[in-house]
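Right, one structure below, let's go through it.
The values are calculated or read from the model by the stated rules, or taken from the named source; none is laboratory data. The structure presented is a predicted model; accordingly, all values stated were derived computationally and were not measured. Because the Cβ atoms are built from the backbone with ideal geometry, glycine has one as well, and the counts that use them run over all protein chains shown. Remember, those area values only see protein heavy atoms, side chains included, never the ligands or the DNA or RNA. Shrake-Rupley method; radii C 1.70, N 1.55, O 1.52, S 1.80 Å.
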Amino acid sequence: MRELSQLIDVEEPAWPELRETLDASPASVAVLPPDSDLGRASILQLQVTARSYLGAVVLHCGGLLVDDGWLRVFGSPARGAAHGVPGLARVNQFPETFDPAWRPETGLVVAQDVLGGVFAVNGAAPVNAGQPGEVVYFAPDSLRWEALGVGHSTWLAWLVSGALDEFYADLRWPGWHEEVRTLGGDQGLSLFPPLWSAEARQDISATSRRAVPMGELLGVARDSCRQFDGVDPGFLGAV
């Protein structure tokens with residue numbers, strides 16, 4: 001078990017490099033202000049170092065809003081931040097105080113999108129797709145986990161490279177920017193007919209959309225998985 005100083009006082013910390021990557025991103029990326037105490041507590045609980053992108057985000061960043069908030073990458077947000085994006089510790093239900101025995105064994109939820117999609121880093125005992133340490137995505141249109149074949153640092157660099165336009169090509173509609181900008185950081189968009197339906201797949205722009213709490217959106221997705229496939233997708237994040 002490493003002490004806090006061993007995790008943050010490192011050679012070649014990742015934040016300067018990551019900050020340059022974020023500043024040079026062709027996508028819209030807002031870097032939210034951090035809470036330093038929460039960041040230090042979170043990196044201690046995770047037992048990752050500041051040399052990693054995950055450690056850098058948790059320690060130096062309140063979170064990232066990518067593509068006008070379509071995707072929320074979780075960090076350690078300052079209390080009362082205007083956007084209301086929850087922190088990584090809250091989303092993953094970290095212990096109130098440091099617990100050396102606690103680990104996100106199945107996976108660590110690192111980001112969510114406004115449609116109820118979830119990005120997670122597989123833990124030591126993943127119950128879904130992929131290998132330990134691999135980033136996986138819970139797709140709200142298929143209600144299944146998909147392995148992305150990369151680790152967290154490569155994934156984070158990819159998503160701010162402008163690649164989300166292609167990744168979400170079939171899940172966006174004309175005017176989505178304006179709808180997403182009005183959402184709070186703990187809200188998502190509920191579509192009817194739902195994303196996994198034939199009607200939505202045929203013409204997503206024809207769906208009706210309303211803002212709902214992310215917890216409600218994820219709960220509906222989880223219930224739908226159980227109903228259709230008889231399979232529980234597992235933890236999607238506490239928001």
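Summary of computed values
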quantity: Distance from segment 137-191 to segment 1-18 (C-alpha centre basis), Å; calculated: 29 Å
quantity: Segment 199-209 - phi-based ³J(HN,Hα) in whole Hz, Karplus 6.51/-1.76/1.60, Gly and Pro as x; calculated: 5, 5, 5, 6, 7, 5, 5, 8, 6, 8, 9
quantity: Cα gyration tensor shape of segment 139-239, rounded if a/c is under 1.5, else prolate or oblate by comparing a/b with b/c; calculated: rounded
quantity: Segment 22-97, relative contact order in percent, only Cα pairs under 8 angstrom and at least six apart counted; calculated: 31 percent
quantity: Long-range amide H partners of Gly188 with built H, under 5 Å; calculated: Val212, Met214
quantity: ³J(HN,Hα), Karplus 6.51/-1.76/1.60, whole Hz, each residue of segment 216-231, x for Gly, Pro; calculated: 5, 4, 5, x, 5, 4, 5, 5, 5, 4, 5, 5, 8, 10, x, 10
quantity: Stretch gain in nm, segment Phe228-Arg19, where the contour uses 0.36 nm per residue and the Cα spacing is subtracted; calculated: 71.0 nm
quantity: For peptides 197-204, 107-114, 181-188, sequence by mean Cβ density within 10 Å, most packed first; calculated: 107-114, 181-188, 197-204
quantity: Gain upon complete extension [Gln131, Ser161; 0.36 nm per residue less C-alpha separation]; calculated: 8.4 nm
quantity: Prolate/oblate/rounded call for segment 1-135, Cα gyration tensor, a/c under 1.5 rounded; calculated: rounded
quantity: Per-residue HN-Hα couplings for segment 49-59 [Karplus 6.51, -1.76, 1.60; θ = phi - 60°; Hz; x = Gly/Pro]; calculated: 9, 6, 6, 8, 5, 4, x, 5, 5, 5, 7
quantity: Estimated dipole of segment 140-181 in Debye, rounded to 20 [Cβ of Lys and Arg +1, of Asp and Glu -1, Cα centre]; calculated: 140 debye
quantity: Over the chain - Rg/Rh using Cα atoms and the Kirkwood inverse-distance radius; calculated: 0.95
quantity: Arg144, Arg2, reordered so the largest accessible area comes first (probe 1.4 Å); calculated: Arg144, Arg2
quantity: Using alpha-carbon coordinates, inclination of helix 36-46 to the longest axis of the chain, degrees; calculated: 90 degrees
quantity: Global form of segment 55-192, assessed from the alpha-carbon gyration tensor, a/c cut-off 1.5; calculated: oblate
quantity: Local net charge near Phe98, Cβ-Cβ under 15 Å (Lys/Arg +1, Asp/Glu -1); calculated: -1
quantity: Taking segment 1-148 and dividing mean pair separation by its residue count, relative contact order in percent (alpha carbons under 8 Å, at least six apart); calculated: 16 percent
quantity: Highest-fluctuation residue, Gly149, Gly133, Gly87 considered, GNM on the chain with Cα pairs under 10 Å; calculated: Gly149
quantity: Taking segment 133-215 and dividing mean pair separation by its residue count, relative contact order in percent (alpha carbons under 8 Å, at least six apart); calculated: 25 percent
quantity: Electrostatic dipole magnitude of segment 1-151 [Cβ: Lys, Arg +1; Asp, Glu -1; Cα centre; debye, to 20]; calculated: 300 debye
quantity: Solvent-accessible surface (1.4 angstrom probe) belonging to His177, in square angstrom, nearest 10; calculated: 70 Å²
quantity: Residue-averaged 222 nm ellipticity for the chain, from DSSP H runs of 4+ at -39500 (n - 2.57), nearest 500; calculated: -8500 deg cm²/dmol
